[in-house]
1. Kindly list the number of the only condition in (1) surrounded by 19 or more Cβ atoms within 10 Å (Cβ to Cβ); (2) closer than 28 Å to residue 356 by Cβ; (3) of a type outside the set (D, E, K, R) that fails for residue 283.
2. Being in contact with a helix residue (DSSP H, G or I) (Cβ under 9 Å, 6 or more places away or on another chain), over 14 Å from residue 143 (Cβ atoms), in a helix (DSSP H, G or I) and open to solvent by less than 40 Å² (accessible area, probe 1.4 Å) narrows it down to one of 355, 327, so name that one.
3. Which of the residues belonging to the stretch 60-74 are open to solvent by less than 10 Å² (accessible area, probe 1.4 Å) and touching a helix residue (DSSP H, G or I) at 6+ places or on another chain (Cβ under 6 Å)?
4. Take the stretch 370-386 and flag every residue that is among the hydrophobic types (A, V, I, L, M, F, W, C), in a helix (DSSP H, G or I) and either farther than 18 Å from residue 338 by Cβ or in contact (Cβ under 8 Å) with a residue 60 or more places away in the chain (or both).
5. Hey, does the stretch 338-350 have a residue that's at negative phi and either β-branched (Val, Ile, Thr) or open to solvent by 50 Å² or more (accessible area, probe 1.4 Å) (or both)?
6. Take the conditions surrounded by fewer than 21 Cβ atoms within 10 Å (Cβ to Cβ) and in a helix (DSSP H, G or I) and apply them to residue 319. Does it pass?
7. Quick check on this structure: which one of 307, 288, 298, 276 is farther than 22 Å from residue 131 by Cα, open to solvent by 30 Å² or more (accessible area, probe 1.4 Å) and modelled with pLDDT of 90 or more?
8. Any residue at all in the stretch 38-56 that is modelled with pLDDT of 95 or more, within 21 Å of residue 345 (Cα to Cα) and in a loop (DSSP other than H, G, I, E, B)?
Amino acid sequence: MANDSKTWRCGKYELSFDRPRIMGVLNVTPDSFSDGGEHFDPDAAIEYGLAMLDAGADIIDVGGESTRPGFTPVNPDEEARRVLPVVRALAKEGAIVSIDTRQVAVAKAAVRCGASIVNDVTGFTDPKMVEFVKTSTCGVIVMHAGEVAAPARTHATVQLDTSAAAFVAEKAREAARRRRAKLLGEPKPEAKLPGGVVQPSLPFGEPEPTSESATELGQETPAAEQAAAAETVAPAPEAAPEATEAASESNDRLAAMMRRSARREEAYVPTSQLRRFTLPDSAPIMRRVMGFLSDQARTLIHAGVSRDRICIDPGPGFGKSANEDIVIQRETAKMASLGYPLMCAVSRKRFVGAVSGVTEAAERDAATFGVCLGAIQAGANIVRVH
């Protein structure tokens, strides 16, 4: 691997990338997708964390909430109860500890206990999380999590002044009517509307009908009439089941998105035949992922977080199909070109099973190694593995 000049400052630590860095996954949860319950006891978690350090891990990523497809959200108090003893013990042993959380309160407590990195699966879309990390010196990992990660963008509504254009159009119509009436030899007098508005006559019959609101106000336009008619005729769409489901569970958008991922996974039927992937055009998914990662990194920098504290992660498995995850991995070099330390967090993920044909998550390590090696060759700096 060529010497990479990027560095990553994480509190009192500074990581260089003259070699790939290894982040060990430590799930202190009863329900993680591949090792749920194995390290739920704090003592067992601490022992496993130390074993990963002995095996060569550079960073230990401690998480107290599973974000597997179909996960159940955990309240911040319970999450903190799970992770803080583990974070404290590993930091005391000199480990570089990352806290994997989307809760500001948990991140603050973990950093006080010695964590050097905040790994936010929602990509620092919570302004309170941004406010916290800008006052600390910890490293940050910006992850893209599908549609959850895309912050709502508001645009100012622009009201165009169409009075001049409408006047010109009306004058043209009036001239056409007069020419037609003159050819037919039956010129008609002009009709006046209330308010002094002049309406040209039609060559035959009565003057053009106007809506009740136009008669009363003298200001309704044909476009507005059409919009009102459309609003009257078109029935309001019923709320989508996902929207209702998400609203019923404290509006937890991440949980709702991962439930949809779980349903897609259940619908997948494994086959012994070689699976052919029809890869989508790389542009749409890469625009979303790279655009989000760049935008959120700039948001952090503008808030006061120095550039050399920021790492990016495209978030494989979060709101993405297997095909999209494959495209993202193939475009690793493009993401590395953004200039931030780049993480490859594919360990045992669903798409690794899809390409390898291995259905059991815990048995996907060999396939994970292959994907990670390809990512490193393309420019990834950190591999997050079990």
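The values are calculated or read from the model by the stated rules, or taken from the named source; none is laboratory data. Model, not experiment: these values are computed from the prediction. Positions of Cβ are generated from backbone atoms using ideal geometry, with glycine treated the same way; all protein chains shown enter the neighbour counts. Accessible surface areas use protein heavy atoms only, side chains included; no ligands, DNA or RNA. Shrake-Rupley method; radii C 1.70, N 1.55, O 1.52, S 1.80 Å.
1. So residue 283 meets the others, but not (1).
2. Going through 355, 327 in turn, the sole match is 327.
3. Those that are open to solvent by less than 10 Å² (accessible area, probe 1.4 Å) and touching a helix residue (DSSP H, G or I) at 6+ places or on another chain (Cβ under 6 Å): 60, 62, 64, 71.
4. The answer is 371, 372, 373, 376.
5. yes
6. It is false that residue 319 is surrounded by fewer than 21 Cβ atoms within 10 Å (Cβ to Cβ) and in a helix (DSSP H, G or I).
7. 288
8. yes
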